[in-house]
Amino acid sequence: MCLYLCGPVHPKLIILVFSERLRIITFICYIATFQTTSNPTENMEERKVPEVILNSGKKMPAIGLGTASIPLPPHETLTSILIDAFEVGYRHFDTASFYGSEEPLGKAVKKALELGLVKSRDEVFITSKLWSSDAHPDLVLPALKTSLQKLGLEYVDLYLIHWPLRLKPEARGPADMLKENVMPSFDMKGIWEAMEECCRLGLAKSVGVSNFGIKKLNQLLENATIPPAVNQVEMSPSWQQGKLTEFCKQKGIHVCAWSPLGSYNSVYGTNAVMESPILKEIASARQKTIAQIALRWIYEEGASPIVRSFNKERMKENIELFEWELKQEESQKFRHIPQRRMFSGINFVSENGPYKSLEELWDGDP
């Protein structure tokens, strides 16, 4: 506008000035684009995950990402996958000595801190587990220290007894989960005292159990100074665990659900959850994925799903379950879903072990 106010100007000069301004504007836009894409945290979609308060007073994100996989991806690949999970918004990660995923998870936590995906270790919740080969009072603390070394962390947020049984020392992998490797006894009282010591030492902020039924929980609570904060069990629309979850609520024990969507892998079991006609009907009506319907139901039951997906898009879908609710009539339909335990545990039943039948292993709920 100034060119015209100052009097007549040659048209070529106008074009020259305009072209120069256009180059400047283009350069500024390029710089702005570079700045917005160079920092991965600026393009992250903010996802707020609710937290539950455990009986230890510690807060735990209401959904966790599982890292169990057979076969396990190469460590570098798994670390990259877990960085994707951080970017999506996951802050609760579930691992175990048995899974072989502690080291890549630890590297992912370190990388997430370096990238600014999380500001401090306090923003991350890590669960690990005592494997059954180390289920002895003298082996609990060394096992946790080994896990911490692999994770590269000073503490875990939650440490669980993986199974209520002991296996032979050499039984470390999936192929070793055999009847002949089950030891005759399981010193629940002594092992739990060692778990409590891990908590007192600050190496585990909370302690809990996994795959414990009502009878075993009662037995544990009789002698516990620190009650278990969590019982992580198989729970899904196809294995709803109504009695157990109600008992845990009464005792102040939070339930985490492993395999909340069944499994695509025949090593683990059935895919009945994702194939349920009832869930498909609800998902279609609500314009949600079947997984979202199943996970939302678990959350509304008062439990926290530990869901495993190594696909970033499915990670995004699975975490989007907190800003909507199931209708009452939809929740009632879950009662009609056929029930079947996915992991039978038959290999843990042995004449030489503590459990002579599936009824004994699962406390009367096989």
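Can you name the condition, by its number, that Gly152 falls short on among (1) in contact with a helix residue (DSSP H, G or I) (Cβ under 6 Å, 6 or more places away or on another chain); (2) free of Cβ contacts under 8 Å to residues at least 40 places away in the same chain?
Here Gly152 clears every test but (2).
Just give me the residues in segment 227-259 being part of a strand (DSSP E or B) and not hydroxyl-bearing (Ser, Thr, Tyr), in sequence order.
Within segment 227-259, Val230, Asn231, Gln232, Val233, Glu234, Trp239, His254, Val255, Cys256, Ala257, Trp258 meet the criteria.
Return the residue satisfying two criteria in turn: it lies in segment 344-361 and is in contact with a Ser or Thr (Cβ under 8 Å, 6 or more places away or on another chain) and buried (at least 16 other Cβ atoms within 10 Å of the Cβ), and of such residues it is nearest to Leu165 (Cα to Cα).
In this case the residue turns out to be Pro354.
Conditions (1) more than 16 Å from His92 (Cβ to Cβ); (2) exposed (fewer than 13 other Cβ atoms within 10 Å of the Cβ), marked per residue:
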position	(1), (2)
Arg286	yes, no
Ile290	yes, no
Trp297	yes, no
Arg308	no, no
Ile319	no, no
Lys327	yes, yes
Phe334	yes, no
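Look at segment 275-319 and say how many of its residues are over 19 Å from Arg335 (Cβ atoms) and over 22 Å from the mean Cα position of the chain (by Cα).
Adding up the residues that qualify gives 2.
Please indicate, with yes or no, whether at least one residue in segment 271-278 is in contact with a Lys or Arg (Cβ under 6 Å, 6 or more places away or on another chain), assigned to a helix (DSSP H, G or I) and modelled with pLDDT of 95 or more.
yes
Can you tell me which condition Ser210 does not meet? The list is (1) surrounded by fewer than 16 Cβ atoms within 10 Å (Cβ to Cβ); (2) under 30 Å from Lys59 (Cα atoms); (3) among the hydroxyl-bearing types (Ser, Thr, Tyr), and all the others hold.
So Ser210 meets the others, but not (1).
Going by the conditions given, is Ser133 free of Cβ contacts under 8 Å to residues at least 40 places away in the same chain, under 19 Å from the mean Cα position of the chain (by Cα) and either crowded, with 20+ Cβ neighbours inside 10 Å or assigned by TED's automatic domain parsing to the domain that holds Asn181 (or both)?
no
Listed here are the residues, each with its yes/no results for (1) more than 17 Å from Ser147 (Cα to Cα); (2) outside the structural domain of Leu153 (by TED's automatic domain parsing); (3) among the hydrophobic types (A, V, I, L, M, F, W, C); (4) surrounded by 20 or more Cβ atoms within 10 Å (Cβ to Cβ).
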{"residue": "Ser56", "(1), (2), (3), (4)": "yes, no, no, yes"}
{"residue": "Ile63", "(1), (2), (3), (4)": "yes, no, yes, yes"}
{"residue": "Ile83", "(1), (2), (3), (4)": "yes, no, yes, no"}
{"residue": "Tyr90", "(1), (2), (3), (4)": "yes, no, no, yes"}
{"residue": "Ser101", "(1), (2), (3), (4)": "no, no, no, yes"}
{"residue": "Lys110", "(1), (2), (3), (4)": "no, no, no, no"}
{"residue": "Leu113", "(1), (2), (3), (4)": "yes, no, yes, no"}
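Looking at segment 51-68, I want the residues that are in contact (Cβ under 8 Å) with a residue 40 or more places away in the chain and have a partner that is surrounded by fewer than 16 Cβ atoms within 10 Å (Cβ to Cβ) and of a type in the set (Gly, Ala, Ser) with Cβ atoms under 9 Å, at least 6 apart or on another chain. Which pairs are those?
Val52/Gly302; Leu54/Gly252; Asn55/Gly252
Need the failing condition index for Ala96 against (1) over 28 Å from Ser210 (Cα atoms); (2) of a type in the set (Gly, Ala, Ser); (3) modelled with pLDDT of 95 or more, just the number.
Every condition holds for Ala96 apart from (1).
The values are calculated or read from the model by the stated rules, or taken from the named source; none is laboratory data. Because the structure is a prediction, the values reported are computed rather than measured. Glycine also receives a Cβ, built like all others from the backbone with ideal geometry; neighbour counts cover every protein chain displayed.
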